[in-house]
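Only the coordinates and a few stated rules stand behind these numbers; no lab work does. Note that the coordinates shown come from a computational prediction; the quantities given were computed from them, not determined experimentally. Note that we place each Cβ from the backbone using ideal geometry, even for glycine, and neighbour counts take in every protein chain shown.
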Amino acid sequence: MIAPDPSILQKLKEAAGPGGWSDDPGEMAPHLVEWRKRWQGASPLLLKPAATRDIARILAVCDETETAIVPQGGNTGLVGGQIPTQGEVLLSLERMNRIRAVSLEDNTLIAEAGVVLANAQKAAEQAGRLFPLSLAAEGSCTIGGNVSTNAGGVNVLRYGMTRELVLGLEVVLANGRVLDLMRGLRKDNTGYDLKQLFIGAEGTLGVVTAAMVKLFPKPAGFATVLAAIGDVAVAVDLLNRLQEATGGLITAFELMQRRALDLVIEHIPGTTNPLSGHEGWMVLIEVSNPAAFDAREALEQALASAMEQGILADAVFAKTARDREALWRLREAIPEAQRLSGASVANDISVPLSRIAEFITSAETAVQSVLPETRPFTFGHVGDGNLHFAVQAPGHDAKLAAAREDVERAVQETAAKLRGSISAEHGLGLAKNEAIARYKSAAEIELMRALKRTLDPKNILNPGKLLPSGRG
């Protein structure tokens, strides 16, 4: 890719407005490498506009001059979609960080794209409401990034993916036009639901500048329990039992292999495993209690029945808020412990719930046939079939790096054979944009390309991401 002419860069600086750009290497550096340092980018200019009108001007210049641009939120993505690897101009949404409105009557919150997820949660809480999107990076990921990657997280079971939480969007199109999709209606049967095109599109169809999201009643409390199960095959049955016992109020049901927890205890200070005597699988279960329902009692009865039938080996309830925080720390710290423990190949897949156990067994066999030294471990969201299947090879990091593509393909092929997806919530970015051609039909790929050509005919928005090689 040819670097933009200096005159074009000057036009972009003027469009971004005072304080809206930087070409200082020190300031740009954190924006040019992703969290796991797998992709190192390069860019001649960092744009950091403060308002939608500034972004409209910027994209109008990009459209006129056919200048490629990469949007970036909190730079927490795990597939490289936010990194300018071909010298594109980088567009950071970090200064667009206002909560524009909170409506208690409509149960909605309007946040600009640069609002950090934790700040959106806090704004909802201060208004007496809940914004349920929750994931490990919530202290630094942004609403725009969440929308653009259709973020999942731990509460999908109860509240759905980001796609289900968005009622409206404000988007700047590739030609600089502002598309206002902020009606916020629960029912609007007047043709295509255009906002859905931009959710999960990774900035390839337009730049999300603000989102209207759903709010919910604040829970009266939480019932949280860490339970040991004899075999992963019983996890889905246990989930269904608990859903029946609570009337479908299970908020989170997180599966964790003992090997994953061992990494947390080894690398994350202050963590302890309250069920350290159990060598097998564990599930972290949480119900957010409505005021009129005692979820703890319902869980205790259902878990006691499961224990009598041999489905459950042991369980420990959180008695205090500090206990709850400690249990969740075990789950949320797994990715960080994984990074600290050495090289790994992370996989984010989904399969039908009924085939979770089959996937784990088959995928472990598949990766070990590629590299016998591998030590896979699994954690993830049983309720929506999303598993994070991580592969390490302690003492053999170089071998694992050399075998990365074969290991990834083994996992992806296993998921595909079980009618699963090679990316459940992280997206495609640079990591899987070529692989997706093996698992989507030619008709699906061509329709995706047609949408790209329609909304971004000059291929200036995040080129080379999400779609397989080839223009638009």
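Each stretch of four or more DSSP H residues adds -39500 (n - 2.57); spread over every residue of the chain, this sum gives -10000 deg cm²/dmol at 222 nm. As a calculated quantity, the FRET efficiency between THR365 and MET307 at R0 = 30 Å, using C-beta atoms, amounts to about 0.45.
The Cα center of region 121-151 and the Cα center of region 407-460 differ in position by 26 Å. Scanning residues 5 or more positions from ASP314 or on other chains, those with amide H under 5 Å from its amide H are ALA228, with H placed 1.01 Å from N in the peptide plane. Under the simplified labelling scheme, the ARG36-ALA136 pair shows an inter-label distance of 1.0 nm, with each label point 7 Å from Cα along Cα→Cβ.
The C-alpha atoms of the chain define a longest principal axis, and helix 404-417 lies at about 70 degrees to it.
In debye, nearest 20, what is the charge dipole magnitude of region 123-228 about its Cα centre with +1 on Lys and Arg Cβ and -1 on Asp and Glu Cβ, if you could check? Please report the intermediate quantities before stating the final value.
Working: 10 positive and 8 negative charges, 62 e Å.
Dipole of region 123-228, to the nearest 20 debye: 300 debye.
For region 239-322, the set of chymotrypsin sites (Phe, Trp or Tyr not before Pro) satisfying both a DSSP loop assignment and a count of at most 12 other C-beta atoms within 10 Å is empty. If you take the Cα centroid of region 68-94 and the Cα centroid of region 180-235, the two points sit 23 Å apart. For THR209, the amide hydrogen comes within under 5 Å of the amide hydrogens of GLU170, VAL171, VAL172, counting only partners 5 or more places away or on other chains and with H modelled in the peptide plane.
Remark: the chain carries a charge dipole of roughly 760 debye about the Cα centre, counting +1 on each Lys and Arg Cβ and -1 on each Asp and Glu Cβ. Considering only SER469, HIS278, GLN121, the residue lying farthest towards the positive end of the dipole of the chain is SER469, judged by Cα position with unit charges set on Cβ.
Given axes a ≥ b ≥ c from the Cα gyration tensor, I'd like to know whether region 342-417 is rounded (a/c under 1.5), prolate (a/b larger than b/c) or oblate.
Working: a/c = 2.27, a/b = 1.83, b/c = 1.25.
Here region 342-417 falls in the prolate category.
Phi angles across region 199-207 convert, under the Karplus curve 6.51 cos²θ - 1.76 cosθ + 1.60 with θ = phi - 60°, into 3J(HN,Hα) values of 7, x, 8, 6, x, 8, 10, x, 9 Hz, Gly and Pro given as x. What the phi angles of region 74-87 give under the Karplus curve with 6.51, -1.76 and 1.60, with θ = phi - 60°, is a coupling list of x, 6, 10, x, 10, 10, x, x, 9, 9, x, 8, 10, x Hz, glycine and proline written as x. Model label sites at ALA220 and HIS267, defined 7 Å from Cα along the beta-carbon direction, differ in position by 4.1 nm. Shown in residue order for region 238-251 are the 3J(HN,Hα) couplings computed by the Karplus curve 6.51 cos²θ - 1.76 cosθ + 1.60 at θ = phi - 60°: 5, 4, 5, 4, 6, 4, 5, 5, 9, x, x, 9, 5, 8 Hz (x for Gly and Pro). Here the spin labels are modelled as points 7 Å beyond Cα on the Cα-Cβ line, and at GLN86 and ASP188 they lie 3.3 nm apart.
Stretch LYS399-GLU434 to full length: gain in nm at 0.36 nm per residue minus the Cα-Cα span?
On the way: separation 35, 0.36 × 35 = 12.60 nm, distance 2.28 nm.
Contour length minus Cα-Cα distance gives 10.3 nm.
Estimated from the Cβ-Cβ distance and a Förster radius of 51 angstrom, the FRET efficiency linking ASP180 and ALA233 is about 0.55. Amide H to amide H, with H built 1.01 Å from N, TRP21 comes under 5 Å of LYS48, counting only residues 5 or more places away or on other chains. Remark: region 52-172 carries a charge dipole of roughly 360 debye about the Cα centre, counting +1 on each Lys and Arg Cβ and -1 on each Asp and Glu Cβ.
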